[in-house]
Amino acid sequence: MFKQQFNIRVFFFRHFKTRISYKIKATYSNISCAASKSVVVDGKSYIGDEYTNVTPKILSFIGNNNHNCKGHPLNLFKQRLIDFFYDHFRGRTGNPIFSIYDKISPVVTTNENFDSLLVPKDHPSRNKTDSYYLNKTYMLRAHCTAHQSELIKMGLDNFVIFGDVYRRDEIDATHYPVFHQADGVHIFTPNELELIYGSNVNIFDNDQNNSNNEKQGVYSIEANDIVTNHLKETLVAMIKKVFGEEIEYRWISEYFPFTHPSFELEINYNGQWIEALGCGVIRHEILKNAGAGNRIGWAFGLGLERLAMPFYSIPDIRLFWSKDSGFLNQFQNLPKDGRMKYKPISIYPQCINDISFWLPKEKPFCSNDFYELVGNYGGQLVEQVKLVDQFTHPKTGNVSHCYRIVYRHLEKTLSQAEVNEVHKLIEKNATQILGVKLR
């Protein structure tokens, strides 16, 4: 949630940066009254009013959960962040102290999205031009920070929330109305501060009007400095864990309604400074309203796409929504700490043909031989070939393979006739050279 570029405005923790549910379905329908609209999300109907501005297109994104799809670059990047928090923060028994929430519904109340985070009533982020409303009371979260107070009220001290967020924004290489965020919270008790500081620490200032640019009036200088330093050390360690120890970084003072002091962390990647995340010391009023008024803590928010794009060299944020196997398969089967550089795919559409055949009994068959044959006769037109099914006949014992071949030209749109011609050549030579029998 910490800051997102939104024209010239600061849009908190990547705007602001999950109601726990599973696969979510959303629909949009008109009721008998032309002025009234009903929006259904996860089986629950929301009666529309003058605030309703969510569109069927936006609703179609709900439930995709790219951040939870195995093999998707956002899921891979999310796991790197989770691994950091699990490894970096462990309790006395050696178990991770941070909990992860990545299946919370994106439907929140306006109170959760704005009021619980002290967002001013006249802040532009509340406008219908900036956010997606189901009605005056409910909306699609504009940041995952919308769940912060709810989780703290549940008694949670240390957690990271991952989820899809929705904002009315332009669409280009770096902006899209739907993207994904990670928001984290770490809250300290007096005893935990003492463990860090090494001696007794008073969390609160005797003069609670002593507020300035460096701290909130309610907190002591010592407590504020301990938490601020802990916050910065943690997030720098996280960025170095992801991008490498040599990554250059810098801190910039910022303003967010829900933290003070507030900061932005920028990293120098390939000679360009980019915003990595926003963070700060949680406003005491937020903690107090959530039942943790005797504590102090920090929070951060980051956009998964914003960091995954330079990490994997992905040039366009829209690619994260691609169902194109030429894109997605590049991220399959990467090791846990693996990293790859995205290879651009053609702008021209794919053509997909399947080929099924019985394997020869008289000589051994190897899939790699077929892959090589396809490459030889399909040449640069073949983008991908993959075994998608195999079957053993229950009576004869004959084995059948089905392969999917994806064709795509780098410089033009292929016609189905052109593809069929190449495909037939592959079928012919597979029969003659490999001894298979087409089905």
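Just so you know, all these numbers are worked out from the coordinates, no wet-lab data involved. Just so you know, these numbers come straight off a predicted model, no measurement behind them. Don't worry about glycine lacking a Cβ; one is built from the backbone with ideal geometry, like all the others, and counts go over all protein chains shown.
The trypsin sites (Lys or Arg not before Pro) of the stretch 36-90 that meet both conditions, a loop assignment by DSSP and at most 13 other Cβ atoms within 10 Å of the site Cβ, are LYS70. Straight-line cross-link reach from LYS37 at under 13 Å between alpha-carbon atoms covers these aspartates and glutamates, not counting any fewer than eight positions away in the same chain: ASP49, GLU50. Peptides 392-400, 284-292, 174-182, ordered by how many other C-beta atoms sit within 10 Å of their residues on average, highest first, read 174-182, 284-292, 392-400.
On the basis of the beta-carbon distance and an R0 of 35 Å, GLU285 and LYS323 show a calculated FRET efficiency of 0.20. Please identify which residues in the stretch 280-297 have an amide N closer than 20 Å to a label point set 7 Å out from the Cα of ASN209, following the Cα→Cβ vector. Hits in the stretch 280-297 for ASN209 at 20 Å: 284-285. Within the shell defined by Cβ-Cβ distances under 9 Å, the residues around SER356 carry a net charge of -1, with Lys and Arg each +1 and Asp and Glu each -1.
For the set LYS121/LYS241; LYS215/LYS241; LYS70/LYS241; LYS78/LYS232; LYS128/LYS232; LYS103/LYS336, the pairs lying more than 27 angstrom apart at their alpha carbons are LYS121/LYS241; LYS215/LYS241; LYS128/LYS232.
Taken over the chain, the convex hull of the Cα atoms encloses 206 Å³ per residue. For the stretch 351-438, the number of Lys pairs with C-alpha atoms closer than 19 Å, counting only pairs eight or more positions apart or on separate chains, is 11.
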